[in-house]
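What follows is one structure encoded as structure tokens, with my remarks underneath.
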Amino acid sequence: MGAQITVRLPDDLGKDISGIARRMHLKRSDIVRMALERFVREVEGEGEVTPYERVKDFIGSIRSGLPDMGESHRRYLVERIKKSA
């Protein structure tokens, strides 16, 4: 293992990390290391997930039963709101 750092955490964050470590049967340092690795990957742009990639598996997976939902979505939304009110 390489460099060592010391970090002071707010009590609630420390408790959260301890709880996660217990549930995952890992050390708290492992949890912090995993979180830092993920943060660095995201900042560096590696593993960056676009909004499309987050929902691509859901696109087309739900049927509304309305053939013109894309064209008339506003009309359907207004009708639905009126029924709920």
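The values are calculated or read from the model by the stated rules, or taken from the named source; none is laboratory data. Not measured: the values here are computed from a predicted model. Note that each Cβ is placed from the backbone with ideal geometry, even for glycine, and that neighbours are counted across all protein chains shown.
Among the residues of the stretch 20-39, not a single one is more than 22 Å from the chain's Cα centre (by Cα), among the polar types (S, T, N, Q) and farther than 18 Å from ILE5 by Cβ. Listed here are the helices (runs of 4 or more DSSP H) enclosed by the chain that have at least 3 residues being surrounded by 10 or more Cβ atoms within 10 Å (Cβ to Cβ): 11-24, 28-44, 73-84. How many residues, within the stretch 19-64, are at pLDDT 80 or above and farther than 28 Å from ARG8 by Cα? Total satisfying the criteria: 10.
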